[in-house]
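Here is the structure we will look at.
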Amino acid sequence: MNKKMREQFRDYDSDARPSVREFYRLNHQGQTLEFVRRKRKEHLGLNRCEMGIWEMAEYLNQLVDDSDPDTDISQLGHLLQTSEQIRRDGRPRWFILAGLIHDLGKVLSLFGEPQWAVVGDTFPVGCAFSDKIVFPEYFDANPDRQDEKLSMHLGIYEQNCGLDQVLMSWGHDEYIYHVTKNYLPLEAQHMLRYHSFYPWHTAGEYEYLTNEQDREMLKWVQVFNQYDLYTKSHEAADEKKNCGHFTRG
């Protein structure tokens, strides 16, 4: 298999499918503070369905992520690529579990949500948008940019308030975090909740919103990102071979 070099990942110019740019245009236009508050109220009652982990992963196989320029394999295939590499590296069981379930929140797309409200990079709403967010020019069409308060550096937040007090753009990270937060250690909670927050964990933005706990957890999010991003390829994982590691009683 021809593996991609690291610098070839997240290339939104040369390798991106045409749908990726259109995805981010819709995402940056629609992810407003009011929209996020409405979706949290709609979905965080966690009353849409009840499924086991493996059942949900297989259910997600009908979804192709329009925001991802790095792979077009199945959702289950990516979850297996990620969690299997974590297992091979001898990481703790909770770390392996985080790898297996980190994208299960994408089920929101199968509940009728448009993909721009489910997948893609995440970012805070209620304050100024960073120019380190992918395709930042599309925020010009976001109504919050025309609001004096919401377009300020801190916006509705206080300095170093902590990310737990910050409303993130709505999507699968926030959803899976709320589904699983009572069952996983703090490190795994941060991995799930912020694995798509590339402006923070990769570009170093929004430091002014973080507190000491966030800064301590950042290293775990960054370690997890190495598995989430760099295990991706266009060659699917051997699902039959790998699933046995995660389905044994």
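Return yes when E174 is of a type outside the set (A, V, I, L, M, F, W, C), touching a helix residue (DSSP H, G or I) at 6+ places or on another chain (Cβ under 9 Å) and surrounded by 21 or more Cβ atoms within 10 Å (Cβ to Cβ) and no when it is not. Yes: the conditions hold for E174. Scanning the range 103-160 for residues that are modelled with pLDDT under 95 and either among the hydroxyl-bearing types (S, T, Y) or touching a Pro at 6+ places or on another chain (Cβ under 6 Å) (or both) returns a single hit, S109. Of everything in the range 119-141 that is hydrophobic (A, V, I, L, M, F, W, C) and surrounded by 18 or more Cβ atoms within 10 Å (Cβ to Cβ), the residue that is farthest from L60 (Cα to Cα) is C127. Suppose we filter the range 178-211 for residues that are under 19 Å from L167 (Cβ atoms) and assigned to a helix (DSSP H, G or I); how many remain? Qualifying residue count, the range 178-211: 14. For the residues D164, D121, D140, D144, the requirement of being among the acidic types (D, E), touching a residue at least 60 places away in the same chain (Cβ under 8 Å) and assigned to a helix (DSSP H, G or I) singles out D144. If the condition is being of a type in the set (A, V, I, L, M) and in contact (Cβ under 8 Å) with a residue 60 or more places away in the chain, then the range 19-50 contributes L26, L33, V36, L44, L46.
The residues of the range 104-118 that are part of a loop (DSSP other than H, G, I, E, B) and crowded, with 23+ Cβ neighbours inside 10 Å amount to a single one, V118.
Residues to consider are L44, L80, L33, L26; find the one that is farther than 30 Å from I156 by Cβ and either at pLDDT 90 or above or in contact with an Asp or Glu (Cβ under 8 Å, 6 or more places away or on another chain) (or both).
Values: L44 fails: farther than 30 Å from I156 by Cβ; L33 fails: farther than 30 Å from I156 by Cβ; L26 fails: farther than 30 Å from I156 by Cβ.
Among L44, L80, L33, L26, only L80 is farther than 30 Å from I156 by Cβ and either at pLDDT 90 or above or in contact with an Asp or Glu (Cβ under 8 Å, 6 or more places away or on another chain) (or both).
The values are calculated or read from the model by the stated rules, or taken from the named source; none is laboratory data. These numbers were taken from a predicted model, which means no experiment stands behind them. Cβ sites come from the backbone with ideal geometry, for glycine too, and all protein chains shown count toward neighbours.
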